[in-house]
Amino acid sequence: MAVSYVNNVWAALTGETTEMFQSHITPKPYISVFFLISTMFSILFFLAYGYGAANLSFCFNKSLGRTDVEALGWAVLAFVFNGLYYPYYGIILNPVCAMKRNVVGGRR
């Protein structure tokens, strides 16, 4: 059952026909241009999104005074789990609002 499902998905992606009435025609497998372009854009978007999360994590950890190795380790984790890191950074860490609250000012 699972093998036929995988075969059907592969046939749909490559353009092969699995119809019984067309079995006498030898299909020429091809990968659609739309499939290739959408896959490339998806990969580029994932890499850019992950890079953004890793960059935020690295800069935040360096601002806390952590070493390069520690900051790089957290940046790698942020790259892999970027969907979880962005809300965590925006809601819990929120360094810009924390800096505004901790500013102690006075006039001379």
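Bear in mind these aren't lab numbers, they're just calculated from the coordinates by the rules spelled out. The shown structure was predicted, so the numbers you read here are calculated from the model rather than taken from an experiment. With ideal geometry, Cβ positions are generated from the backbone for all residues, glycine too; neighbour counts draw on all protein chains shown.
Side notes on the structure shown:
- Note on PHE81 and ASN7: the model spin-label points, each 7 Å out from Cα along the C-beta direction, lie 4.1 nm apart.
- Listed values for segment 63-69 are Karplus-derived 3J(HN,Hα) couplings in whole Hz (6.51 cos²θ - 1.76 cosθ + 1.60, θ = phi - 60°), namely 5, 7, x, 6, 6, 5, 5, and x replaces Gly and Pro.
- FRET efficiency, LEU36 to LEU93 (Cβ-Cβ, R0 41 Å, nearest 0.05): 0.60
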